[in-house]
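Accompanying notes for the structure given below.
The values are calculated or read from the model by the stated rules, or taken from the named source; none is laboratory data. Everything numeric in this text was worked out from a predicted model, so none of it was measured. Note that each Cβ is placed from the backbone with ideal geometry, even for glycine, and that neighbours are counted across all protein chains shown. When the accessible area is computed, the model is the full protein with side chains, heavy atoms only, and any ligands, DNA or RNA have been set aside. Shrake-Rupley method; radii C 1.70, N 1.55, O 1.52, S 1.80 Å.
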Amino acid sequence: MRPSFWLTPPSSRRRLIGAVALAVSRVAGNGKDPRVHAARSPACPPCTAGGLAFTHGRADGNRFVGGRGTFPIIAPLDLALGGRPRWVVGASEDGTTSVWVVVLADGEVRAFRATASAGEPIPVGTDGAVRPPEMPPLLRVRDGRVTLVAAPAGSHPSPLAPPLPLGDGLALIDVDGTLLIWETADRAQVPSRFPLAAPPDARLVTDGAGQIALLTGRTSDRYDHGVLGDAVEATGFAMIDVSPPGLAQQVHLPSPDVIEGLAPLWADLDGDGTPEIVVTVSRASDGGRLVVYSGAGERLAGGPGFGRGDRWRQPLAVAPFGPMGEIELVAVRTPHIGGVVEFWRLEGRELRPVAELPSYTSHVLGSRNLDLAIGGDFDGDGQPELVLPSQDRTRLGAIRRVERGPGAVVAWDLPLGGALATNVAAVGLGTGMALGCGREDGVLRLWLPA
C-alpha cells in the first residue's frame, strides 16, 4: 500500500516537496531558495503593454502566457470560418472576454468576441496602411477597437515580418532587410535606418525595457537545410537601443554556422534578473544545437549537436517548468522526425538536458509558422505545462515535468476534432486561461473558461 503522502493531490505534493527542499537547502547553508526562479521567469509586464497580442505569446519571443487555468475540464467551442485558416491570435478585452482574429490562407480576416458558449463576429481594422496577406498578425486591443498592426503608408515592409509598436514609435524590417525605427507617432518623420540584412521572415522581439533584437546577416549558401520556408538563414543577431536608436550589440557567427530560426528567444535563463538570448546554431556537419548568449553578446553555453546535418532543434519557452520550480528551457528536437520535447537547465557554463518526451511536434516541414507550442499554468496547479500538438496534429498534449522516469509526462490532452492548420494561441483571463487554434476543415476551435 502506498504511503498516504502519495494519495495527496500532485499540486500539494509539489508544495510539500518544495518546502522540504527549502528547509534542507537552508540547513546545508547555501542560503538559496530553490523556488526563487519561479517568481522571476514568467513575469514580463512590458510585453503586454499597449494591448498587443502575438502569435508567439509574448513580445520577447518567449512562448509563455501568464495566468492560471482550469484545463482540461473545459468544453470546446467551434466557430466556422468559411476558409482554411493560417494564423490565429487572441487577446483579453476586459479581463473576462477574449477576442480572436484569424487570418485565412487567402489573406481574408475573421474576428470574434467570444464567451464560453458563443462567438460573435466583430469588425477588425488595420492600424496603418500596408499589411500584406502573408504577414503574421499582430493584434492590438485598445479603447474598444480591435486592429491588426500594419506598416505606415509609403513604407515597403518585408511581407513576412510584422512591424513592432514601441509605445508611440514603430520598428519594421524593410524588404531589403534594413531595420527602420520611428521614435514618435509622426510617421512622416525620417526613421533611423540600420542596414542589418535581416532575413525576409525575421521577427522583431523586445525586452520591454528599451531594446529590440532580431536576426541579421541573411545568407543562402552556408546551409541548405531549408525547412523553415526557404534556404535563407541568418548569420548573426543584433540588439538595438530604441531611444535614441542605436546599435547596442551585434554578434556575427563564423562560417559555416547559421542561426536556424526566425527570432531570438529573450528570457532570463539563469535567474539573475537580466535576460539572455537563446538561438539554434546549425551547420551542415552537426545540425542544430541550442546556444545561449548574454545581453553583451558573449557566448555563455551550448548544447550538443547531432553529429550530422539536416537535424533541427527549436527553442520554445523559458519558465519554471522544473518539478520544484527550477527555471528550464524547453525545446523540440527533430519536430519532423519523431518530435522529442526536451527540457534543459543552464548550470554555470553548461546547458544540460534534464528530461525528454517523444511523439510531439512544434513545426510543419516547410512552414514559417514556428508558434505551434505555448507554455503556461493551464490547469492551475502551480506548475506550468507546455501545450503542443501530437505528431499527427489531431490532439494537443500538455507536457509536465516530473522527477520520475524520463522526467516528463503527458498531464492531459485535448482532441482537436480535426487536423491543426495554425499556430496555437493562448490568452490569460481573470477567470482562467483560454486556448485557440484553427483546423484544416475551416474551423476555429476555442477552449474558454466559464
Exactly one condition in (1) open to solvent by 60 Å² or more (accessible area, probe 1.4 Å); (2) in a strand (DSSP E or B) is not met by residue 222; state its number.
(2)
Test set (1) surrounded by fewer than 23 Cβ atoms within 10 Å (Cβ to Cβ); (2) more than 23 Å from residue 181 (Cα to Cα) - residue 259 fails condition number:
(1)
Residue by residue through region 88-145, note down the ones that are in contact with a Phe, Trp or Tyr (Cβ under 9 Å, 6 or more places away or on another chain) and of a type in the set (Val, Ile, Thr).
88, 89, 99, 101, 102, 103, 122
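Among the residues of region 238-260, which ones are touching a Ser or Thr at 6+ places or on another chain (Cβ under 6 Å) and not in a loop (DSSP other than H, G, I, E, B)? Reasoning before the result, please.
Quick first cut of region 238-260, residues touching a Ser or Thr at 6+ places or on another chain (Cβ under 6 Å) only: 238, 245, 253, 258, 260.
Correct list: 238, 245, 258.
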Return the residues of region 393-407 that are under 15 Å from residue 438 (Cα atoms) and of a type outside the set (Lys, Arg); say none if nothing qualifies.
394, 396
Note on residue 321: of the conditions (1) touching a residue at least 60 places away in the same chain (Cβ under 8 Å); (2) in contact with a Pro (Cβ under 9 Å, 6 or more places away or on another chain); (3) more than 24 Å from residue 58 (Cα to Cα); (4) not acidic (Asp, Glu), unmet is (3)
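Condition (residue is of a type in the set (Asp, Glu) and within 15 Å of the chain's Cα centre (by Cα)) applied to region 332-344: is it met by at least one residue? Quick ask: steps written out before the conclusion?
Residues of region 332-344 of a type in the set (Asp, Glu): 342.
Checking the rest, the ones that are also within 15 Å of the chain's Cα centre (by Cα) come to none.
No, region 332-344 contains no residue that is of a type in the set (Asp, Glu) and within 15 Å of the chain's Cα centre (by Cα).
State which residue is surrounded by the most Cβ atoms within 10 Å (Cβ to Cβ) when the search covers only region 394-449 and only residues that are among the basic types (Lys, Arg) and over 27 Å from residue 96 (Cα atoms). Don't jump to the end; show me each part of the working.
As a first pass, look at region 394-449 and keep what is among the basic types (Lys, Arg): 395, 400-401, 404, 439, 445.
Remaining after also requiring over 27 Å from residue 96 (Cα atoms): 401, 404.
Values: 401: 25, 404: 7.
Among residues in region 394-449 that are among the basic types (Lys, Arg) and over 27 Å from residue 96 (Cα atoms), the one surrounded by the most Cβ atoms within 10 Å (Cβ to Cβ) is 401.
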How many residues, within region 419-445, are at pLDDT 95 or above and either of a type in the set (A, V, I, L, M, F, W, C) or outside any strand (DSSP E or B) (or both)?
16
Condition first: in contact (Cβ under 8 Å) with a residue 40 or more places away in the chain and closer than 23 Å to residue 449 by Cα. Now tell me which residues in region 110-139 satisfy that.
110, 112, 114, 115, 116, 117, 118, 119, 139
Going through region 307-322 one residue at a time, which ones are in contact with a Lys or Arg (Cβ under 6 Å, 6 or more places away or on another chain) and crowded, with 24+ Cβ neighbours inside 10 Å?
313, 316, 317, 321
Among the residues in region 326-335, are any out of contact with any Phe, Trp or Tyr (no Cβ under 8 Å at 6 or more places or on another chain), in a loop (DSSP other than H, G, I, E, B) and free of Cβ contacts under 8 Å to residues at least 24 places away in the same chain?
no
Write out, first by first residue and then by second, each pair whose Cβ atoms fall under 8 Å of each other, whose residues are 6+ apart or on separate chains, and whose first residue, in region 339-350, is within 16 Å of residue 325 (Cβ to Cβ) while the second is crowded, with 22+ Cβ neighbours inside 10 Å and basic (Lys, Arg).
343/401
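Would you check which residues across region 140-190 are of a type in the set (Asp, Glu) and touching a residue at least 40 places away in the same chain (Cβ under 8 Å) and list them?
So the first thing to find is which residues in region 140-190 are of a type in the set (Asp, Glu), and the list is 143, 168, 174, 176, 183, 186.
Within region 140-190, 183 is the sole residue that qualifies.
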